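Input: a single structure, listed below in C-alpha coordinates.
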Amino acid sequence: MDDRSGRSIVILTGAGISKESGLSTFRDADGLWATVRIEDVATPQAFRSNPVRVHDFYNARRRQMADPAVQPNAAHVALARLEAEWPGELLLVTQNIDDLHERAGSHAVLHMHGELLKLRCGHCQVVLEWRGDASVGTPCPSCGHVAGLRPHVVWFGEMPLGMEAIYAALDACDLFISIGTSGAVYPAAGFVEEVRRHGHAHSVELNLEPSLGVSAFDEAIHGPATDIVPAFVERVLTRGW
Ligand code: BV8
(Lines give C-alpha, C1' and ligand atoms only; values in the text may rest on other atoms or scores of the structure.)
Protein backbone atom coordinates (compact mmCIF):
# COMPACT_ATOMS: atom_id res chain seq x y z
CA MET A 1 0.00 0.00 0.00
CA ASP A 2 1.52 3.26 -1.13
CA ASP A 3 1.49 5.48 1.97
CA ARG A 4 0.93 8.49 -0.32
CA SER A 5 -2.56 7.21 -1.21
CA GLY A 6 -4.08 9.05 1.73
CA ARG A 7 -2.52 12.36 0.76
CA SER A 8 -4.43 14.76 -1.49
CA ILE A 9 -3.35 17.53 -3.83
CA VAL A 10 -5.22 20.65 -4.99
CA ILE A 11 -3.89 22.61 -7.94
CA LEU A 12 -5.03 26.10 -8.99
CA THR A 13 -4.11 27.36 -12.44
CA GLY A 14 -4.46 30.73 -14.12
CA ALA A 15 -3.80 32.22 -17.53
CA GLY A 16 -0.03 31.98 -17.15
CA ILE A 17 -0.09 28.20 -17.66
CA SER A 18 -1.61 28.70 -21.12
CA LYS A 19 0.68 31.59 -22.17
CA GLU A 20 3.27 29.31 -23.81
CA SER A 21 0.45 27.68 -25.76
CA GLY A 22 -0.12 31.05 -27.42
CA LEU A 23 -3.11 32.26 -25.37
CA SER A 24 -3.03 35.75 -23.88
CA THR A 25 -2.97 36.33 -20.17
CA PHE A 26 -4.94 39.20 -18.68
CA ARG A 27 -2.59 41.47 -16.79
CA ASP A 28 0.71 41.05 -18.59
CA ALA A 29 1.75 44.01 -20.73
CA ASP A 30 0.41 42.20 -23.81
CA GLY A 31 -2.59 40.82 -21.92
CA LEU A 32 -6.29 41.01 -22.73
CA TRP A 33 -6.99 43.83 -20.31
CA ALA A 34 -4.42 45.95 -22.17
CA THR A 35 -6.75 46.03 -25.18
CA VAL A 36 -10.27 45.83 -23.71
CA ARG A 37 -11.79 47.05 -20.43
CA ILE A 38 -13.19 44.49 -17.98
CA GLU A 39 -16.25 46.72 -17.64
CA ASP A 40 -16.94 46.45 -21.38
CA VAL A 41 -16.69 42.67 -21.84
CA ALA A 42 -16.55 40.74 -18.54
CA THR A 43 -19.52 41.87 -16.43
CA PRO A 44 -23.27 41.11 -16.59
CA GLN A 45 -23.88 44.83 -17.08
CA ALA A 46 -21.64 44.83 -20.16
CA PHE A 47 -23.64 41.95 -21.64
CA ARG A 48 -26.94 43.68 -20.94
CA SER A 49 -25.83 46.98 -22.45
CA ASN A 50 -23.84 45.68 -25.43
CA PRO A 51 -24.22 41.92 -26.00
CA VAL A 52 -22.74 42.19 -29.50
CA ARG A 53 -19.42 43.54 -28.14
CA VAL A 54 -19.30 40.82 -25.48
CA HIS A 55 -20.09 38.06 -27.99
CA ASP A 56 -17.39 39.45 -30.31
CA PHE A 57 -14.83 39.32 -27.44
CA TYR A 58 -15.58 35.66 -26.71
CA ASN A 59 -16.06 34.71 -30.37
CA ALA A 60 -12.50 35.90 -31.07
CA ARG A 61 -11.13 33.81 -28.17
CA ARG A 62 -13.23 30.79 -29.22
CA ARG A 63 -11.87 31.06 -32.78
CA GLN A 64 -8.34 31.16 -31.37
CA MET A 65 -9.00 27.82 -29.61
CA ALA A 66 -9.63 26.29 -33.07
CA ASP A 67 -6.15 27.36 -34.23
CA PRO A 68 -4.04 24.18 -34.64
CA ALA A 69 -1.09 26.20 -33.26
CA VAL A 70 -2.85 26.36 -29.87
CA GLN A 71 -1.97 23.10 -28.16
CA PRO A 72 -1.47 21.97 -24.55
CA ASN A 73 2.11 22.69 -23.44
CA ALA A 74 4.53 20.74 -21.24
CA ALA A 75 3.02 22.24 -18.10
CA HIS A 76 -0.51 21.02 -18.94
CA VAL A 77 0.93 17.60 -19.81
CA ALA A 78 2.89 17.44 -16.54
CA LEU A 79 -0.30 18.08 -14.52
CA ALA A 80 -2.08 15.32 -16.43
CA ARG A 81 0.87 13.01 -15.57
CA LEU A 82 0.59 13.99 -11.90
CA GLU A 83 -3.11 13.13 -11.90
CA ALA A 84 -2.43 9.80 -13.59
CA GLU A 85 0.46 8.78 -11.32
CA TRP A 86 -0.49 10.28 -7.95
CA PRO A 87 -2.03 7.49 -5.80
CA GLY A 88 -4.13 9.88 -3.68
CA GLU A 89 -6.90 12.35 -4.48
CA LEU A 90 -6.15 15.25 -6.85
CA LEU A 91 -8.35 18.19 -7.89
CA LEU A 92 -7.34 20.65 -10.61
CA VAL A 93 -9.18 23.95 -10.17
CA THR A 94 -8.66 26.31 -13.08
CA GLN A 95 -9.56 29.96 -13.55
CA ASN A 96 -8.97 29.39 -17.25
CA ILE A 97 -11.83 28.92 -19.67
CA ASP A 98 -9.76 27.15 -22.33
CA ASP A 99 -9.82 23.35 -22.66
CA LEU A 100 -6.06 22.77 -22.69
CA HIS A 101 -6.03 20.83 -19.39
CA GLU A 102 -8.57 18.36 -20.76
CA ARG A 103 -6.76 18.10 -24.08
CA ALA A 104 -3.54 17.34 -22.17
CA GLY A 105 -5.31 14.41 -20.46
CA SER A 106 -6.45 15.86 -17.13
CA HIS A 107 -9.86 14.59 -16.00
CA ALA A 108 -10.48 16.04 -12.51
CA VAL A 109 -10.77 19.60 -13.84
CA LEU A 110 -13.07 22.19 -12.21
CA HIS A 111 -13.52 25.37 -14.28
CA MET A 112 -14.39 27.86 -11.53
CA HIS A 113 -14.75 30.71 -14.05
CA GLY A 114 -16.66 28.66 -16.63
CA GLU A 115 -15.74 27.41 -20.09
CA LEU A 116 -15.18 29.27 -23.37
CA LEU A 117 -16.47 26.35 -25.48
CA LYS A 118 -19.88 26.35 -23.77
CA LEU A 119 -22.91 28.67 -23.90
CA ARG A 120 -25.69 28.98 -21.34
CA CYS A 121 -29.28 30.03 -22.06
CA GLY A 122 -30.48 32.86 -19.83
CA HIS A 123 -34.04 31.57 -20.22
CA CYS A 124 -33.85 27.81 -19.65
CA GLN A 125 -30.32 27.67 -18.09
CA VAL A 126 -29.30 24.81 -20.40
CA VAL A 127 -25.49 24.61 -20.91
CA LEU A 128 -24.42 23.71 -24.45
CA GLU A 129 -21.10 22.75 -26.04
CA TRP A 130 -20.40 25.56 -28.55
CA ARG A 131 -17.31 25.87 -30.78
CA GLY A 132 -18.53 28.39 -33.36
CA ASP A 133 -19.48 32.05 -33.10
CA ALA A 134 -22.46 33.05 -30.97
CA SER A 135 -24.65 36.09 -31.53
CA VAL A 136 -27.72 37.73 -30.08
CA GLY A 137 -29.74 36.26 -32.96
CA THR A 138 -28.82 32.64 -32.18
CA PRO A 139 -31.94 30.82 -30.89
CA CYS A 140 -31.46 28.45 -27.95
CA PRO A 141 -31.55 24.90 -29.36
CA SER A 142 -33.31 23.80 -26.18
CA CYS A 143 -36.05 26.36 -25.52
CA GLY A 144 -36.02 28.30 -28.80
CA HIS A 145 -35.73 31.69 -27.12
CA VAL A 146 -33.61 34.21 -29.02
CA ALA A 147 -31.13 36.65 -27.42
CA GLY A 148 -30.82 34.49 -24.31
CA LEU A 149 -27.59 32.64 -25.09
CA ARG A 150 -24.47 33.92 -23.29
CA PRO A 151 -20.96 32.58 -22.80
CA HIS A 152 -20.92 30.00 -19.96
CA VAL A 153 -18.32 32.16 -18.25
CA VAL A 154 -18.24 33.70 -14.76
CA TRP A 155 -18.03 37.49 -15.06
CA PHE A 156 -17.00 39.95 -12.37
CA GLY A 157 -19.71 40.18 -9.74
CA GLU A 158 -20.94 36.65 -10.50
CA MET A 159 -20.43 33.66 -8.20
CA PRO A 160 -17.66 31.34 -9.37
CA LEU A 161 -18.61 27.69 -9.94
CA GLY A 162 -17.94 24.77 -7.61
CA MET A 163 -16.96 26.85 -4.58
CA GLU A 164 -18.26 24.38 -1.97
CA ALA A 165 -16.27 21.52 -3.48
CA ILE A 166 -13.21 23.73 -3.84
CA TYR A 167 -13.17 24.86 -0.20
CA ALA A 168 -13.73 21.28 1.00
CA ALA A 169 -10.76 20.13 -1.08
CA LEU A 170 -8.57 23.03 0.08
CA ASP A 171 -9.30 22.36 3.76
CA ALA A 172 -8.46 18.68 3.37
CA CYS A 173 -5.47 18.72 1.06
CA ASP A 174 -1.81 18.07 1.91
CA LEU A 175 -0.31 19.97 -1.00
CA PHE A 176 -1.67 23.16 -2.62
CA ILE A 177 0.01 24.25 -5.85
CA SER A 178 -0.83 27.62 -7.48
CA ILE A 179 0.37 27.94 -11.08
CA GLY A 180 0.39 30.88 -13.53
CA THR A 181 -1.85 33.29 -11.67
CA SER A 182 -1.23 36.88 -10.59
CA GLY A 183 -3.27 36.58 -7.38
CA ALA A 184 -5.34 39.58 -8.48
CA VAL A 185 -8.82 38.03 -8.66
CA TYR A 186 -10.88 36.74 -5.75
CA PRO A 187 -11.98 34.30 -4.50
CA ALA A 188 -9.19 32.32 -6.27
CA ALA A 189 -6.51 34.68 -4.94
CA GLY A 190 -7.67 33.87 -1.41
CA PHE A 191 -7.29 30.08 -1.70
CA VAL A 192 -3.78 30.10 -0.23
CA GLU A 193 -5.08 31.97 2.83
CA GLU A 194 -7.91 29.42 3.10
CA VAL A 195 -5.29 26.66 3.20
CA ARG A 196 -3.26 28.51 5.85
CA ARG A 197 -6.29 29.26 8.00
CA HIS A 198 -8.35 26.08 7.75
CA GLY A 199 -6.05 23.53 6.19
CA HIS A 200 -2.68 21.98 6.78
CA ALA A 201 -1.19 21.78 3.28
CA HIS A 202 2.26 22.69 2.11
CA SER A 203 1.58 25.58 -0.31
CA VAL A 204 3.70 26.24 -3.40
CA GLU A 205 3.56 29.03 -5.98
CA LEU A 206 4.85 28.20 -9.46
CA ASN A 207 4.77 31.39 -11.54
CA LEU A 208 6.87 33.39 -14.00
CA GLU A 209 7.34 36.06 -11.36
CA PRO A 210 6.22 36.63 -7.75
CA SER A 211 2.42 37.00 -7.60
CA LEU A 212 0.58 39.49 -5.40
CA GLY A 213 0.09 36.69 -2.87
CA VAL A 214 3.58 35.17 -2.94
CA SER A 215 4.32 35.92 0.73
CA ALA A 216 1.45 33.64 1.82
CA PHE A 217 3.03 30.56 0.23
CA ASP A 218 5.41 28.17 2.04
CA GLU A 219 7.47 27.87 -1.11
CA ALA A 220 7.76 29.76 -4.42
CA ILE A 221 9.51 28.72 -7.63
CA HIS A 222 9.65 31.25 -10.45
CA GLY A 223 10.20 30.69 -14.15
CA PRO A 224 8.29 29.68 -17.28
CA ALA A 225 5.59 27.09 -16.55
CA THR A 226 6.91 24.70 -19.20
CA ASP A 227 10.19 24.52 -17.24
CA ILE A 228 9.17 24.67 -13.58
CA VAL A 229 5.93 22.64 -13.64
CA PRO A 230 7.34 19.42 -15.17
CA ALA A 231 10.32 19.66 -12.79
CA PHE A 232 8.05 20.14 -9.75
CA VAL A 233 5.80 17.25 -10.80
CA GLU A 234 8.88 15.01 -11.15
CA ARG A 235 9.96 16.05 -7.65
CA VAL A 236 6.52 15.35 -6.12
CA LEU A 237 6.33 11.93 -7.77
CA THR A 238 9.88 10.89 -6.88
CA ARG A 239 10.69 12.69 -3.61
CA GLY A 240 7.45 14.26 -2.41
CA TRP A 241 7.47 17.78 -0.95
C1 BV8 B 1 -17.14 37.16 -6.91
C2 BV8 B 1 -13.92 35.68 -16.97
C3 BV8 B 1 -18.82 37.23 -5.29
C4 BV8 B 1 -13.67 34.61 -17.89
C5 BV8 B 1 -12.81 36.34 -15.00
C6 BV8 B 1 -12.91 44.73 -4.91
C7 BV8 B 1 -13.59 45.52 -5.81
C8 BV8 B 1 -14.43 45.00 -6.78
C9 BV8 B 1 -14.61 43.64 -6.87
C10 BV8 B 1 -13.92 42.86 -5.99
C11 BV8 B 1 -13.08 43.36 -5.01
N12 BV8 B 1 -12.57 42.34 -4.31
C13 BV8 B 1 -13.04 41.20 -4.81
C14 BV8 B 1 -13.88 41.51 -5.83
C15 BV8 B 1 -14.61 40.64 -6.65
C16 BV8 B 1 -13.92 40.39 -7.99
C17 BV8 B 1 -12.45 40.62 -8.01
O18 BV8 B 1 -11.69 39.80 -7.52
N19 BV8 B 1 -12.03 41.73 -8.60
C20 BV8 B 1 -10.61 42.02 -8.65
C21 BV8 B 1 -10.27 42.63 -10.00
C22 BV8 B 1 -10.28 42.94 -7.47
N23 BV8 B 1 -14.18 38.98 -8.17
C24 BV8 B 1 -15.34 38.61 -8.72
O25 BV8 B 1 -16.19 39.38 -9.12
C26 BV8 B 1 -15.59 37.10 -8.75
N27 BV8 B 1 -16.88 36.87 -8.19
O28 BV8 B 1 -16.35 37.65 -6.14
O29 BV8 B 1 -18.42 36.89 -6.61
C30 BV8 B 1 -20.24 36.94 -5.20
C31 BV8 B 1 -20.71 36.60 -3.96
C32 BV8 B 1 -22.04 36.33 -3.83
C33 BV8 B 1 -22.86 36.41 -4.94
C34 BV8 B 1 -22.37 36.76 -6.18
C35 BV8 B 1 -21.05 37.04 -6.31
C36 BV8 B 1 -15.59 36.58 -10.17
C37 BV8 B 1 -14.20 36.61 -10.72
C38 BV8 B 1 -14.19 35.95 -12.10
C39 BV8 B 1 -14.16 37.02 -13.12
N40 BV8 B 1 -13.95 36.42 -14.43
N41 BV8 B 1 -12.72 35.93 -16.22
C42 BV8 B 1 -12.72 35.08 -18.94
O43 BV8 B 1 -13.07 36.02 -19.68
O44 BV8 B 1 -11.66 34.47 -19.01
S45 BV8 B 1 -11.42 36.74 -14.14
C46 BV8 B 1 -10.03 36.56 -15.09
O47 BV8 B 1 -8.94 36.81 -14.19
C48 BV8 B 1 -9.79 35.18 -15.62
O49 BV8 B 1 -10.70 34.20 -15.18
C50 BV8 B 1 -8.41 34.87 -15.07
O51 BV8 B 1 -8.18 33.53 -14.96
C52 BV8 B 1 -8.51 35.54 -13.77
C53 BV8 B 1 -7.26 35.71 -12.97
O54 BV8 B 1 -6.26 36.15 -13.82
P55 BV8 B 1 -4.97 35.22 -13.96
O56 BV8 B 1 -5.40 33.88 -14.45
O57 BV8 B 1 -4.20 35.25 -12.70
O58 BV8 B 1 -4.21 35.95 -15.15
P59 BV8 B 1 -3.28 37.23 -15.02
O60 BV8 B 1 -3.05 37.74 -16.40
O61 BV8 B 1 -3.83 38.16 -13.98
O62 BV8 B 1 -1.92 36.65 -14.44
C63 BV8 B 1 -1.17 35.75 -15.23
C64 BV8 B 1 0.02 35.31 -14.39
O65 BV8 B 1 0.76 34.34 -15.13
C66 BV8 B 1 0.98 36.45 -14.08
O67 BV8 B 1 1.32 36.40 -12.71
C68 BV8 B 1 2.21 36.15 -14.94
O69 BV8 B 1 3.41 36.51 -14.30
C70 BV8 B 1 2.12 34.65 -15.08
N71 BV8 B 1 2.75 34.14 -16.31
C72 BV8 B 1 2.79 34.73 -17.53
N73 BV8 B 1 3.46 33.92 -18.39
C74 BV8 B 1 3.82 32.82 -17.70
C75 BV8 B 1 3.37 32.94 -16.37
N76 BV8 B 1 3.60 32.01 -15.43
C77 BV8 B 1 4.28 30.91 -15.81
N78 BV8 B 1 4.74 30.71 -17.07
C79 BV8 B 1 4.53 31.63 -18.02
N80 BV8 B 1 5.00 31.43 -19.27
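The values are calculated or read from the model by the stated rules, or taken from the named source; none is laboratory data. It should be emphasised that the depicted structure is a prediction, and the values quoted were computed from it without experimental measurement. Here Cβ is always computed from backbone atoms with ideal geometry, including for glycine, and neighbour counts include all displayed protein chains. The protein model used for the area step is the full one, side chains on, heavy atoms only, and it has no ligands, DNA or RNA in it. Shrake-Rupley method; radii C 1.70, N 1.55, O 1.52, S 1.80 Å.
Quick notes on this structure:
- The value for the range 27-126 of Rg(Cα) / (2.2 N^0.38 Å) is 1.26.
- Take the Cα of VAL214, step 7 Å toward its Cβ, do the same at ARG103, and the gap between the two points is 3.1 nm.
- The modelled label-to-label distance between GLU129 and ASP28, using points 7 Å beyond Cα along the C-beta direction, is 3.0 nm.
- Portion, in percent, of the accessible area of the chain that falls on carbon or sulfur, probe 1.4 Å: 54 percent
- Volume per residue that the Cα convex hull of the range 80-200 spans, once the total is divided by residue count, Å³: 124 Å³
- Span per principal axis, largest first, for the Cα atoms of the range 183-241 (Å): 29, 24, 16
- Projected label distance in nm at ARG53 and GLU194, using a 7 Å step from Cα toward the beta-carbon: 3.2 nm
- Estimated from the Cβ-Cβ distance and a Förster radius of 22 angstrom, the FRET efficiency linking VAL146 and ARG63 is about 0.45.
- Accessible surface, the range 112-241, averaged per residue in Å² (probe 1.4 Å): 46 Å²
- Rounded to whole Å, the principal axis extents of the Cα atoms in the chain read 55, 36, 35, largest first.
- THR238, THR94, ranked by accessible area, largest first (probe 1.4 Å): THR238, THR94
- Gap separating the Cα centres of the range 183-213 and the range 64-80, nearest whole Å: 24 Å
- From its DSSP helices (H runs of at least four residues, each -39,500 (n - 2.57)), the chain gives a residue-normalised ellipticity at 222 nm of -9000 deg cm²/dmol.
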